[in-house]
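Notes follow once the structure below has been shown.
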4 protein chains.
Amino acid sequence: MRYIKDEEFLRGDTPMTKEEVRILSLSKLDIEPNSVLLDIGAGTGSVAVQMSKLCPEGKVIAIEKEEDALELILKNKEKFHCNNLQIIKGEALEVEKHIDIIFDGIFIGGSGGNLEEIIKAYAKKLKPNGKMVFNFISLKNLSTATNTLKALDFKFTISQISVSKVKGEHQMLFANNPIFILEAWR
Amino acid sequence: MRYIKDEEFLRGDTPMTKEEVRILSLSKLDIEPNSVLLDIGAGTGSVAVQMSKLCPEGKVIAIEKEEDALELILKNKEKFHCNNLQIIKGEALEVEKHIDIIFDGIFIGGSGGNLEEIIKAYAKKLKPNGKMVFNFISLKNLSTATNTLKALDFKFTISQISVSKVKGEHQMLFANNPIFILEAWR
Amino acid sequence: MRYIKDEEFLRGDTPMTKEEVRILSLSKLDIEPNSVLLDIGAGTGSVAVQMSKLCPEGKVIAIEKEEDALELILKNKEKFHCNNLQIIKGEALEVEKHIDIIFDGIFIGGSGGNLEEIIKAYAKKLKPNGKMVFNFISLKNLSTATNTLKALDFKFTISQISVSKVKGEHQMLFANNPIFILEAWR
Amino acid sequence: MRYIKDEEFLRGDTPMTKEEVRILSLSKLDIEPNSVLLDIGAGTGSVAVQMSKLCPEGKVIAIEKEEDALELILKNKEKFHCNNLQIIKGEALEVEKHIDIIFDGIFIGGSGGNLEEIIKAYAKKLKPNGKMVFNFISLKNLSTATNTLKALDFKFTISQISVSKVKGEHQMLFANNPIFILEAWR
């Protein structure tokens, strides 16, 4: 598997899950070639596209509400020939009733509102041995997620990942923002 | 793919490449099911074992000189049923002449001496489009490696990865040591 | 001012606020030569001793309940000739009623229980333009503190500090655990 | 001492040593009220201005070659009433012969060229028990500095400092670039 590099994605001004965090997050989803996966708040689609490459015989659904982001996801889907990636436009809580699939893995990277409700609604769409993986830049959202997951009897582990890129002739270090990766299962 | 967790490996007192750094390092090797890979200074064997799972139709060679570590690699090989993993006992520079394989990917995680000579010797055993990936906790070794690779006309990228694990009821943060991941290719 | 180095303190097995975090935490307390300061849960006394050096014409009170730690504070007080440092033995919430001083600055580094009650009780002992500074290794305690401070109409800033020490001939990087420094004022 | 916050400095587009790194760097210079200090490559002047506040009975010299930066230093000097701060315009190596002062402490934060020559030239202007403190974002410059200092029989310690600021209602973490602080003495 050659993982896609950040600079290969079309991204505009939409925030994107960075390479290292994307790879680590996906590694925690235990993706098999035939996995069925969900990306809630897909942004540029970088996670959904990489997911789609990791489950060529499976299926990926990406939910996104922003028009700009939807366009990017579509372009990235085309660029990387992701035939098994379906894009759904809308608010996660509103489109939920139209999705009658049970997932092997669910990724939530977006930091939009309604996190508690989204977790509660989509936890029902997770297979018994499935995983939910979250990325948070926000301490409040991390706290909301762990409280909600605990109430739903999920177990979880949390890591904080700080990546700095060494650039240029002088090997200067440039930091990405630290991200909490939360991995939950029942 | 379910990636192996740190606590699943037998490790004794031998230092081990930690989960996140192991996964990221392997992701940079572009491993295909039939890849032929080398792990120089294999330590507990955690990288070699995970490699072996990622190339079930390929082959992994692990070089290690320490008796204690060799025993651990063997046990981990057995625990994880790595039939495609061959362990070679010895100094990397001494056993080199007995290895007449050209590799798709080479991982160097050990911080032993002779880094410059090891890179020079094993760069010859890398396929034209192959990758070398290094882990360094040491600024001096990172510098030695980049100087050597530059002289050999390799291109490279470097990231520094800091991982903290959130543990316990109070969600306390415990830091792993920061690791430089160096990815080189020609 | 020559700041005291970590290795100069007597410390036993008691956890100690590390040098960089100690200096940054104290810098946020705006300490003047005649400041009156409080250290709740003083541990080895490293913060209280450094405080005492920064306010030679002022006064420092250190509260600690553990017998082992109390002995260390006393020894460090003697080693660094801190005549303006008074040590009080006991639980912060129990000894509170015996302390009829209004402080310029209060430091809370301990991660013991009762954080909410301690903040509420000691916020009353802070001068109108005084500062409270906290160190947290725990996300839960950080969250408890910010919620409590908000309810008490405090304003605050938070930084997360990760320090790695470069050691040895090979310049190896060893990480301290990341610490949240919370600075609060009204 | 109330330390100056980043947002209080006039800064334009000139890169500025950030608050935590500035405070830690200055703490390593063992500044006394009558210290005589030098800031080579002063940029916005944030370090020189804070220095000047820490040695009110001493003196600070700031060297800077860039016109834009010189203007900022002058404005910050005025804003913070730094009567003991003298600004010298020019290349550090060229103005060196005009500076016949022996310093208690020298700070080098700029990452300009000629680092080796600058260290050699200014090491002669350091009191026997004086300190040199450096900030580096660049691995190459860190390496140049440690090699040069070693050849000059300096001893040194190095720390890497990563600071993230927690901002906004959702407590989002934003990273500053990691900085190496090098403290050298003979």
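Answer yes or no: is there a residue in the range A:32-40 that is crowded, with 24+ Cβ neighbours inside 10 Å and within 14 Å of chain B (Cβ to nearest Cβ). Yes; the residues of the range A:32-40 include at least one that is crowded, with 24+ Cβ neighbours inside 10 Å and within 14 Å of chain B (Cβ to nearest Cβ).
With a requirement of 1 or more residues that are polar (S, T, N, Q) and either facing another protein chain (nearest Cβ under 9 Å) or surrounded by fewer than 22 Cβ atoms within 10 Å (Cβ to Cβ) (or both), the strands (runs of 3 or more DSSP E) lying completely within the range B:143-186 that satisfy it span B:155-167.
Just wondering, is there one or more residues in the range A:90-97 that are away from chain B (no Cβ under 14 Å), on the phi > 0 side of the Ramachandran plot and open to solvent by less than 70 Å² (accessible area, probe 1.4 Å)? Among the residues of the range A:90-97, at least one is away from chain B (no Cβ under 14 Å), on the phi > 0 side of the Ramachandran plot and open to solvent by less than 70 Å² (accessible area, probe 1.4 Å), which makes the answer yes. Only a single item in (1) out of contact with any helix residue (DSSP H, G or I) (no Cβ under 6 Å at 6 or more places or on another chain); (2) within 14 Å of chain C (Cβ to nearest Cβ); (3) surrounded by fewer than 19 Cβ atoms within 10 Å (Cβ to Cβ) is not met by residue D:139, and it is number (3). Within the range B:43-60, the residues that satisfy the criterion of being aliphatic (A, V, I, L, M) and either open to solvent by less than 10 Å² (accessible area, probe 1.4 Å) or at pLDDT below 95 (or both) are B:47, B:48, B:49, B:51, B:60. Exactly one residue out of B:130, B:105, B:110 is modelled with pLDDT under 95 and buried (at least 22 other Cβ atoms within 10 Å of the Cβ): that is B:110. The combined condition, being under 11 Å from the mean Cα position of the chain (by Cα), under 29 Å from residue D:37 (Cα atoms) and either within 10 Å of another protein chain (Cβ to nearest Cβ) or touching a residue at least 60 places away in the same chain (Cβ under 8 Å) (or both), is fulfilled by residue C:23. Put simply, of A:29, A:72 the only residue that is aliphatic (A, V, I, L, M) and open to solvent by 20 Å² or more (accessible area, probe 1.4 Å) is A:72. The criterion of at least 2 residues that are in contact with a Leu (Cβ under 8 Å, 6 or more places away or on another chain) is met, among strands (runs of 3 or more DSSP E) falling completely within the range D:5-114, by D:59-64, D:85-89, D:103-108.
Taking every residue in the range B:175-186 that is closer than 17 Å to residue D:161 by Cβ and pairing it with any residue that is assigned to a loop (DSSP other than H, G, I, E, B) and among the β-branched types (Val, Ile, Thr), at least 6 positions away or on another chain, the pairs with Cβ-Cβ distances below 7 Å are B:177/B:137. Note on the range A:11-20: residues that are touching a Gly at 6+ places or on another chain (Cβ under 9 Å) and either open to solvent by less than 10 Å² (accessible area, probe 1.4 Å) or not β-branched (Val, Ile, Thr) (or both) amount to 3.
The values are calculated or read from the model by the stated rules, or taken from the named source; none is laboratory data. Here the structure is a predicted model, which means the values were calculated and not measured. Note that we place each Cβ from the backbone using ideal geometry, even for glycine, and neighbour counts take in every protein chain shown. Each accessible area value is taken on the protein alone, full model and side chains, heavy atoms only, with ligands, DNA and RNA left out. Shrake-Rupley method; radii C 1.70, N 1.55, O 1.52, S 1.80 Å.
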